[in-house]
């Protein structure tokens, strides 16, 4: 599983392809850039979609991106994975309390 890209893999070959791929590397580069906000120029108008890890030049562009089929699909997957993670966390908590 790649938490950054919100991708689930069926096996090691698939995960290796993903982690070696251009899309993951670009997402990782964007993620790293935004982990240290002080490294961003103070006059930067860039805005970030934290689901797709896409950088837009303006809020208007980001608003358009939010309505795109690609973003909507990634958001659906993201919400499913977040729900599964929360369910798993609760299950583990129950098991630890018994």
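The values are calculated or read from the model by the stated rules, or taken from the named source; none is laboratory data. Quick caveat, the model's predicted, so the values are computed rather than measured. Virtual Cβ from ideal backbone geometry, glycine too; neighbours counted across all protein chains shown.
Among the residues examined, residue 79 qualifies as surrounded by 11 or more Cβ atoms within 10 Å (Cβ to Cβ), assigned to a helix (DSSP H, G or I) and without any contact (Cβ under 8 Å) to a residue 40 or more places away in the chain.
Across region 40-72, the qualifying residues are those that are under 12 Å from the mean Cα position of the chain (by Cα) and surrounded by 11 or more Cβ atoms within 10 Å (Cβ to Cβ), and the one among them that is modelled with the highest pLDDT is 71.
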